[in-house]
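The values are calculated or read from the model by the stated rules, or taken from the named source; none is laboratory data. Source: prediction; values computed, not measured. A quick note on method: Cβ atoms are made from the backbone with ideal geometry, for glycine too, and the neighbour counts reach across all protein chains shown. The accessibility values were calculated without ligands, DNA or RNA, using every heavy atom of the protein model including side chains. Shrake-Rupley method; radii C 1.70, N 1.55, O 1.52, S 1.80 Å.
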Amino acid sequence: MMKLLALCFFVISLINIPIAEATIRHYKWELKYEYKSPDCYKKLVITINGRSPGPTILAQQNDTVIVEVKNSLLTANTAIHWHGIRQIGTPWFDGTEGVTQCPILPGDTFVYKFVVDRPGTYLYHAHYGMQREEGLFGSIRVALPDGESEPFAYNYDRSIILTDWYHKSSFEQAVGLSSIPFQWVMEPQSLLIQGKGRFDCSTANPPMKADVCNNTNPECSLYSTTVVPGKTYRLRISSLTALSALSFQIEGHNMTVVEADGHYVEPFVVKNLFIYSGETYSVLLYTDQDPARNYWVTTNVVSRNATTPPGLAVLNYYPNHPRRAPPTIPPSGPMWNDMDSRFNQSVAIRARKGHVYSPPATSDRVIVLLNTQNLVNGKTRWSVNNVSYDFPHTPYLIALKENLLHTFSQTPPPEGYDFANYDIYVNQSNTNAITSDAIYRLQLNSTVDIVLQNANMMKPNNSETHPWHLHGHDFWVLGYGKGKFDPINDPKKYNLVDPIMKNTVPVHPFGWTAFRFKADNPGVWAFHCHIESHFFLGMGVTFEEGIERVGKLPSSIMGCGETKHLLKP
């Protein structure tokens with residue numbers, strides 16, 4: 001009897017022990033078009049609750065994030081992708097129109113609900129057409145649970161998003177890209193740091209009226225971040241450019257890179273951080289310079305011979321005034337065509353000791369994706385393995401789950417190209433490409449190698465940098481190379497010891513990038529170039545894995561294509 005009483009007391013005591021519960025983070029957003037002048041030129045911008053960039057989502061590991069999105073854009077559909085969040089168990093909330101959901105119609109409210117299962121630096125942005133470049137984006141910052149600490153120390157935490165900025169709307173650009181003759185988007189007019197930049201209105205031709213472009217508009221005053229001398233700052237630097245690869249630097253200061261795409265890296269020091277669209281980095285900044293002045297923060301276009309001027313911001317040493325200009329001219333960035341420096345940074349990144357997650361020693365499947373520019377029926381397209389990607393009208397996730405397989409092509413896309421005969425250094429005519437909405441079907445829990453092979457575009461001596469982003473997964477970056485990938489010898493050089501895990505990776509001009517991932521997240525996942533115009537014109541693929549393990553789909557993601565009858569009020 002006494003033992004029974006003791007046991008009962010023990011169980012009651014366990015019940016009364018406080019258990020740390022994950023928090024629900026609830027956000028209510030309204031998307032609107034508003035006239036803004038982020039670089040002094042007034043244009044329509046998509047705002048979230050009146051802001052662009054939108055509000056930063058702050059959460060802790062394993063929290064549930066709920067975002068109610070009201071689409072008040074009046075004439076435009078939308079969808080929001082949670083970039084870097086793997087959506088384990090919630091593939092329908094990945095926010096990829098045409099892949100995981102129907103678009104959110106004007107006037108409708110859509111509720112996203114997902115768990116942020118890993119600490120780190122992530123992003124959110126529009127995933128409908130080229131809408132991201134209209135200003136619909138923001139940061140996600142996921143902290144460790146209380147009582148746990150990072151493997152590096154810092155005093156303050158800041159998020160900074162880098163973007164390029166066009167004065168034309170994405171609608172105008174889309175029409176030009178889809179036309180014969182082809183009308184390229186050209187270089188952006190400005191680079192923005194945390195949503196602020198400075199376009200020189202006096203250079204406009206023809207001249208602009210002051211109510212259209214005004215350099216005295218306080219709305220386009222440069223971004224300024226205030227720091228206290230003698231402290232360590234964690235700067236979470238992210239890029240959501242529409243086209244540009246960038247360098248980022250802070251005058252007079254080195255930066256120590258400690259995190260990439262939510263994973264700790266073996267610390268290394270840079271003066272210039274090279275960053276590609278869709279990537280996130282955490283750097284440690286030590287405020288150990290002369291506190292009597294402010295310093296320039298600059299970002300420059302690299303990998304393209306661009307006409308876009310540098311983006312500028314101010315590192316404000318307290319107690320100097322935040323608007324006090326530094327006494328120097330902004331430092332010049334690295335040469336745009338210095339590919340070796342960019343390549344070397346990619347190769348240098350390693351997983352941090354004590355935080356290495358070893359990849360499987362071998363893979364079950366190898367898919368090689370040749371990146372090219374092509375002509376399809378007289379129209380300029382971007383392609384992989386001579387196939388230019390088209391979105392279906394019925395999202396893949398719904399079509400596969402509801403057995404609507406007739407809504408997209410069932411012919412498997414190619415897993416390689418004519419390796420022996422294709423010269424990656426020659427501007428091919430590339431008129432033999434096709435468009436397709438076929439997808440790659442992956443065996444659940446299999447290990448897959450992807451090799452991205454870059455080639456010449458249709459312009460002679462031109463191979464562009466392509467940052468590729470994989471939804472629903474992180475992957476191990478096994479290696480980079482220059483020239484044509486050798487399927488016999490290059491895999492022998494893969495880093496299987498301490499490769500960094502990422503969700504976005506560049507493939508450099510006339511080079512290749514190889515990575516490995518586990519197809520262990522049931523769902524349908526986009527994999528695409530993160531350059532808006534390239535993806536819009538077909539530079540992407542889709543993977544399906546374990547569709548039979550996906551739970552019941554919410555009716556809120558339906559309502560387009562052949563899913564209209566599945567939408568329940």
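Here are a few things to note about the model shown:
- Of the strands (runs of 3 or more DSSP E) lying entirely inside the range 385-478, those containing at least 2 residues that are without any contact (Cβ under 8 Å) to a residue 60 or more places away in the chain span 434-436.
- Sub-6 Å Cβ pairs linking a first residue in the range 208-225 that is under 29 Å from Arg158 (Cβ atoms) to a second residue that is part of a helix (DSSP H, G or I), at least 6 apart or interchain, are Asn215/Cys201, ordered by first then second residue.
- Annotation note: Cβ proximity below 7 Å between a residue of the range 542-555 that is at positive phi and a residue that is assigned to a loop (DSSP other than H, G, I, E, B) and open to solvent by less than 40 Å² (accessible area, probe 1.4 Å) (sequence gap 6+ or interchain) occurs for Gly546/Leu444; Gly546/Pro522.
- Strands (runs of 3 or more DSSP E) contained entirely in the range 14-86, each with at least 3 residues that are open to solvent by less than 40 Å² (accessible area, probe 1.4 Å), modelled with pLDDT of 95 or more and closer than 16 Å to Ala126 by Cβ: 43-48, 63-71, 80-83
- In the set Ser436, Ser463, Ser388, Ser409, only one residue is under 22 Å from the mean Cα position of the chain (by Cα), under 25 Å from His127 (Cβ atoms) and among the hydroxyl-bearing types (Ser, Thr, Tyr); that residue is Ser388.
- Given (1) over 27 Å from Asp200 (Cβ atoms); (2) in contact with a strand residue (DSSP E or B) (Cβ under 8 Å, 6 or more places away or on another chain), index of the condition Gly230 fails: (2)
- Qualifying residue in the range 239-257 (condition: open to solvent by less than 10 Å² (accessible area, probe 1.4 Å), in contact with a Pro (Cβ under 6 Å, 6 or more places away or on another chain) and in a strand (DSSP E or B)): yes
- Of Asn461, Asn489, Asn495, all but one fail to be among the polar types (S, T, N, Q) and modelled with pLDDT under 95; the exception is Asn461.
- Residue match in the range 119-132 (condition: surrounded by fewer than 22 Cβ atoms within 10 Å (Cβ to Cβ), in a loop (DSSP other than H, G, I, E, B) and more than 18 Å from the chain's Cα centre (by Cα)): no
- Cβ separations smaller than 7 Å between residues 6+ apart or across chains give the following pairs from the range 102-122 residues that are among the charged types (D, E, K, R) to residues that are part of a strand (DSSP E or B): Asp108/Asn71; Lys113/Thr64; Lys113/Ile66; Arg118/Val142.
- Considering residues of the range 181-222 that are assigned to a loop (DSSP other than H, G, I, E, B) and among the hydroxyl-bearing types (Ser, Thr, Tyr) only, the residue surrounded by the most Cβ atoms within 10 Å (Cβ to Cβ): Ser221
- Matching residues in the range 290-321 - criterion: being surrounded by fewer than 19 Cβ atoms within 10 Å (Cβ to Cβ) and without any contact (Cβ under 8 Å) to a residue 60 or more places away in the chain: Asp290, Ala292, Arg293, Asn305, Pro319, Asn320, His321
- Test: residue in the range 97-116 that is of a type in the set (Asp, Glu) and outside any helix (DSSP H, G or I): yes
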